[in-house]
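Input: a single structure, listed below in structure tokens.
Just so it is clear, none of the values below were taken in a lab; they were calculated from the coordinates. Predicted, not measured: the structure shown is a model, and the values here were computed from it. Counting neighbours? That spans all protein chains shown, and the Cβs are built from the backbone with ideal geometry, glycine included.
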Amino acid sequence: MSIRLIVKEPDEVLHKVAKEVTKITPNVQKLLDDMADTMYDAEGVGLAAPQVGILKRLIVIDTGDDHGLIKMINPEIIAKEGEQFGPEGCLSIPGYNGDVRRAETVTVKGLDREGKEITITGSGLLARAFQHEIDHLNGVLFTDLAERVYEIGAEVPNRRIRRS
Ligand code: CO
């Protein structure tokens, strides 16, 4: 296990499209494990491989719900429903949050760490995290979508923001 350096804006790697993983090697699995360690160390709820400087379609998420730690390879949103609007942050954009409109529920298909196909449906924060992390794989940041971006401290008091 090791903690990797989180790439910050304005690094150009954050704006590139990540490549599909065609073979699950020990390196890919180690990267997923390191991404999880890095996410927990930074107290985030999600992390995508471009955030550690690697343009592969890999994400990790743990929003603290019953799904636990999710490690996903080549994740793809196959269904969206409803709408949520609220604050969002990013470990690659420290100090800022933004209000982003997202689907309330998403169904995501991909491969797990062992290469088995998995499908997960999540709502609320989990759905937001999936959309945020999959955007990272396409070079899209929350600041590209937010209706308002503000420095942390300028938001509505007592509103807890989770970063991913
Ligand atoms: Co992010």
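Data overview
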quantity: Cut-off of 10 Å, at most 12 other beta carbons, DSSP loop: longest stretch of the chain lacking such GluC sites (Glu not before Pro); calculated: 44-82
quantity: Computed over the chain: relative contact order in percent, which uses C-alpha pairs under 8 Å that are six or more apart; calculated: 26 percent
quantity: For the stretch 44-118, radius of gyration divided by Kirkwood radius, i.e. Rg to Rh on alpha-carbons; calculated: 0.97
quantity: The stretch 26-154: proportion of alpha-carbon pairs further apart than 25 angstrom, %; calculated: 18 percent
quantity: Virtual spin-label span in nm between D33 and H67, 7 Å along Cα→Cβ; calculated: 2.3 nm
quantity: Per-residue [θ]222 nm for the chain (sum of -39500 (n - 2.57) over DSSP H runs n ≥ 4, rounded to 500); calculated: -6000 deg cm²/dmol
quantity: DSSP-assigned coil residues among trypsin sites (Lys or Arg not before Pro) in the stretch 63-158, each with at most 13 further Cβ atoms within 10 Å; calculated: K116
